[in-house]
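J.: My structure is below; once you've seen it, I'll send some questions.
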Amino acid sequence: MEKFKVGITGGIGSGKSTVCRLFAQWNVTIIDADAISHELTGPGGKAITVIRAAFGSQSINAEGGMDRAYMRQLAFDDAGARHQLQAIIHPLISQEMASKTASATGDYVIYDIPLLVESINKYKDFLDVICVVDCEVSEQLLRVKSRSGLSDEAIRNIIKAQASREQRLAVANEVIFNGSGVTHEQLEQRAFELHQKWLLSARKLAGAG
């Protein structure tokens, strides 16, 4: 049966994971692209053999998983290496997402995709709705600094490497604002309003199937 599919994205520190946890409590299947990526690049993961062949033994850590710090730096320094890594991992993520979608039991499916906007051509025909969790860049800096201890410069570099706030909002069908001053209750209320809307769409799709 065809499933109603929502993609949720947002910049680092936007609160995307918090929003996805809200939807998970309402019988929605959450498929986390980052978790799939970590599984594929962890010890024994399906991507490890190809990554070692492409980037050498220094790309693999002592536990047998991808050395994330090494590959993160390489990807920042070398766009060619970044594209090569993406070409290895993205098809495998797509396969796992398709498998998890086929076995999903929720009323509809939400895909938690950090780099959705950066890969928009891959997802725009697959998803029924694109939802952006939005907040000010200043708020992103505060949140990431408080939880990670990274320097302002390091956080700004991560933000700069992602799609801009404007680029995300330009492709959004729906926006959940989670910026300065938004309470958890307000965030939950906005998420529930969208849940009701998407539930209706999912039921219509199921009825037409």
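Read the figures in this text as sums done on the coordinates, not as results from a lab. Remember, predicted model here, so these are calculated numbers, not experimental data. FYI the Cβ positions are ideal-geometry reconstructions off the backbone, even for glycines, and counts take in every protein chain you see.
J.: By how many nm would the segment from Q25 to F76 lengthen if fully extended, with 0.36 nm per residue of separation less the alpha-carbon distance?
T.: Result for the pair: 14.7 nm of gain on full extension.
J.: Another question, then. Once you have the Cα-Cα distance between S146 and S164, take 0.36 nm times their residue separation minus that, and quote the gain in nm to one decimal.
T.: 4.3 nm
J.: Another question, then. For the chain, take the longest principal axis of its alpha carbons; what is the angle in degrees between that and the long axis of helix 152-161, to the nearest 10 within 0 to 90?
T.: Computed tilt is about 70 degrees.
J.: Quick check: the angle from helix 79-102's long axis to the longest principal axis of the chain, C-alpha only, nearest 10 degrees?
T.: 40 degrees
J.: Going by how many other beta carbons lie within 10 Å of each one, how would you line up D34, D107, fewest first?
T.: Ranking D34, D107 by Cβ neighbours within 10 Å, fewest first, gives D34, D107.
J.: Taking +1 at the Cβ of each Lys and Arg and -1 at the Cβ of each Asp and Glu, which of S57, T41, A104 sits farthest along the dipole of the stretch 36-105 towards its positive end, judged by Cα position relative to the Cα centre?
T.: A104
J.: Cross-link partners among lysines for K16, C-alpha distance below 25 Å, same-chain residues fewer than 8 apart left out?
T.: Once the sequence-local lysines are set aside, what remains near K16 is K3, K5, K100, K122, K124, K145, K160, K197.
J.: Rounded to the nearest 10 degrees, what's the angle between the helix 137-148 long axis and the longest principal axis of the chain, both from Cα atoms, 0 to 90?
T.: 60 degrees
J.: About the Cα centre, and with charges only on the beta carbon of Lys, Arg (+1) and Asp, Glu (-1), how big is the dipole of the chain? Nearest 20 debye, please.
T.: About 200 debye.
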